[in-house]
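The values are calculated or read from the model by the stated rules, or taken from the named source; none is laboratory data. Keep in mind that what you see is a predicted model, and the values were worked out from it rather than measured. Positions of Cβ are backbone-derived with ideal geometry, glycine not excepted, and every protein chain shown enters the neighbour counts. These area figures cover heavy atoms from the full protein model, side chains too; ligands, DNA and RNA do not enter into them. Shrake-Rupley method; radii C 1.70, N 1.55, O 1.52, S 1.80 Å.
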Amino acid sequence: MSDEKSTLTVDLGDRSYDIHVGKGLLANAGDLIRPLLAEPRAVIITDQNVEKHWLGPLEKSLSAAGINHESIVLEPGEKTKNFEELQKLCGKLLDAKVERSTMLIALGGGVVGDITGFAASITLRGLEFIQVPTTLLAQVDSSVGGKTGINAPQGKNLIGAFHQPRLVLADIATLETLPDRDRRCGYAEVLKYGLIGDAEFFTWLEANGKAVLAAETKACQHAIRTSCQAKAGIVADDEREKGRRALLNLGHTFAHALEAQCGYGGAIYHGEAVAIGMVMAFDLSVRLGLCPGQDKGRILAHLKDLGLPVGVQGLNTQGWSAAKLIDLMGQDKKVRAGKPVFVLARGIGQAFVTDDIDLDDVADVLEEYLKP
Ligand SMILES: NC(=O)c1ccc[n+]([C@@H]2O[C@H](COP(=O)([O-])OP(=O)(O)OC[C@H]3O[C@@H](n4cnc5c(N)ncnc54)[C@H](O)[C@@H]3O)[C@@H](O)[C@H]2O)c1
Ligand SMILES: [Zn+2]
């Protein structure tokens, strides 16, 4: 596999699909997409920030390949992932007279990908869609694996469907216009793969993390390819999260509680919550005597070095309590028989899933973070 461009496959039988990772892929998007179309027609869904930089190049490439296209532009941000916006989006698709053979293309970050994928799964009982992720987070995580959905007032991503894309095109060039804060958020999910099962990748990130954040091509190519490979393997094994796929939720039981507590107005971004949540998961693992303290120390040092949050400082935590956060964890999807499921670790690269955790230990960990 070349270092500049690579193709991976998510192996799901007749629903298998390719992930292309490379710089400048948007220019070839039309040629890569055309063979997948039943009719030469696509509807692009994007947001206002992505529209400014990347809609033009994608449209140009589709036109050059003889694909008719129109576009729908959403408001940016997590608050778009709700019922009202979903309804509007489905309405616009129907107004555009989409047919079963019309391809949807999600051009944007995880928000655009999640809501577009979900709209695709329910409109006309199921349209096909393609992911063109433009954030680091979406390129390494949300565009791969077929989880789609929106948030509910009760919690993150509680309404949704499994609906696999037909293709994923991750153009590294799009990261050049991504704000620093969003690059760091994506980085949290990259780091997650190292912490789950790849200590060697974690060590590589310790040395190369800054180059990834600077959107340097070679470093991004390696980080995105390694991440997608890890995710593709897990998804192929356990598409519907009956077992191993739950490992990908490292840090997420904590993160979802933090996000629900903060509301979806942008006080905390998903990746930031994941960074804090992963530290909390390692904290809990250390507290339970499962994991050496120095592993947690390495993670903390690395996150701080890259400017990612490792605690709740800076958030308005008035009125928060460990009990409330635990209650929010109980609203998460990852609950078995009423007990939140945690991903803990025996060390860096050695994560495992358990629902056998005494919530008093979780409360002790959270209280440490909430101390003024
Ligand atoms: N489906 C899954 O498996 C899965 C996995 C992880 C995360 N998620 C979801 O993904 C979402 C977070 O995704 P995200 O971090 O990509 O957020 P996002 O889609 O909100 O994008 C972040 C910001 O960057 C802007 N942006 C996107 N691409 C840009 C570019 N190339 N240049 C300039 N600006 C750009 C967006 O407009 C937005 O303001 C959360 O809702 C999370 O729940 C889903
Ligand atoms: Zn995540």
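Restricting attention to the alpha-carbon atoms of the chain, what are Rg (one decimal) and Dmax (integer), both in Å?
Cα-based Rg and Dmax for the chain come out at 19.9, 61 Å.
What GluC sites (Glu not before Pro) does region 58-140 have in DSSP loop regions with at most 13 other beta carbons within 10 Å?
Passing both the DSSP loop test and the Cβ count: GLU99.
Using +1 at the Cβ of each Lys and Arg and -1 at the Cβ of each Asp and Glu in region 49-148, identify which of PHE83, VAL111, PHE129 lies farthest towards the dipole's positive end.
The residue sitting farthest along the positive end of the dipole is PHE129.
At what distance in angstrom do the alpha carbon centres of region 198-252 and region 116-189 lie from each other?
Computed from Cα coordinates, the inter-centre distance equals 15 Å.
Place a +1 charge on the Cβ of each Lys and Arg in region 93-177 and a -1 charge on the Cβ of each Asp and Glu, then give the dipole magnitude about the Cα centre in debye, rounded to the nearest 20. List each step's numbers first, then the result.
Details: 6 positive and 7 negative charges, 64 e Å.
Taking the Cα centre of region 93-177 as origin, the dipole is about 300 debye.
Taking the Cα centre of region 324-372 as origin, work out the dipole magnitude from +1 charges on Lys and Arg Cβ and -1 charges on Asp and Glu Cβ, in debye rounded to 20.
Dipole magnitude for region 324-372 comes out near 300 debye.
Could you give the dipole magnitude of the chain about its Cα centre, charging the beta-carbon of Lys and Arg +1 and that of Asp and Glu -1, in debye to the nearest 20?
So the dipole magnitude of the chain works out to roughly 340 debye.
Can you list the lysines whose alpha carbon is less than 16 Å from that of LYS60, not counting same-chain residues fewer than 8 positions off?
LYS52
Would you mind calculating the gained length between ILE357 and ALA323 on full extension (0.36 nm times residue separation, minus the Cα-Cα distance), in nm to one decimal?
Result for the pair: 10.7 nm of gain on full extension.
Given a Förster radius of 30 Å and the C-beta distance between ASP95 and THR177 as r, what FRET efficiency does 1/(1 + (r/R0)^6) yield to the nearest 0.05?
Once rounded, the FRET efficiency stands at 0.50.
Scan the chain and report its longest stretch carrying no trypsin sites (Lys or Arg not before Pro) that are both in a DSSP loop and have at most 13 other Cβ atoms within 10 Å.
On the way: sites that count: LYS97, ARG100, ARG240, LYS242, ARG346.
Result, exposed sites excluded: 101-239.
Dipole of the chain (Lys/Arg Cβ +1, Asp/Glu Cβ -1, origin at the Cα centre): which of ALA120, GLY265, MET329 lies farthest to the positive side?
ALA120
Considering only DSSP states other than H, G, I, E and B, which chymotrypsin sites (Phe, Trp or Tyr not before Pro) in region 246-281 qualify as loop sites with at most 14 other Cβ atoms within 10 Å?
Sites meeting the loop and neighbour criteria: none at all.
In nm, give the distance between the simple-model label positions of LEU158 and ALA207, each being 7 Å from the Cα along the Cα-to-Cβ direction.
Roughly 4.6 nm, to one decimal.
Check cross-link reach from LYS296 to the lysines: straight Cα distance under 22 Å, and skip same-chain residues fewer than eight apart.
LYS192, LYS210, LYS304, LYS371
What list of ³J(HN,Hα) couplings, whole Hz, do you get for region 37-52 from phi and the Karplus terms 6.51, -1.76, 1.60, once you set θ to phi - 60° and write x for glycine and proline?
Couplings: 8, 7, 9, x, 9, 9, 10, 8, 10, 9, 10, 4, 6, 6, 3, 4 Hz.
Can you pull the percent of Cα pairs in region 5-177 with separation above 19 Å?
Numbers: 7535 of 14878 pairs.
Everything past 19 Å amounts to 51 percent.
Can you give me the Cα centroid spacing of region 1-68 and region 258-292 in angstrom?
Cα centroid of region 1-68 versus Cα centroid of region 258-292: 33 Å apart.
Leaving ligands, DNA and RNA out of it, report the carbon-plus-sulfur percent of the accessible area of region 5-177 at a 1.4 Å probe.
50
Carbon and sulfur together cover what percent of the accessible area of region 248-328 at a 1.4 Å probe radius?
48
Along the positive direction of the dipole of region 179-218 (beta-carbon charges: Lys, Arg +1; Asp, Glu -1; about the Cα centre), which of THR203, TYR193, ALA215 reaches farthest?
Farthest towards the positive pole: ALA215.
Determine the per residue accessible area of region 5-177 with all protein chains present and a 1.4 angstrom probe, expressed in square angstrom.
Using a 1.4 Å probe on heavy atoms only, each residue of region 5-177 averages 39 Å².
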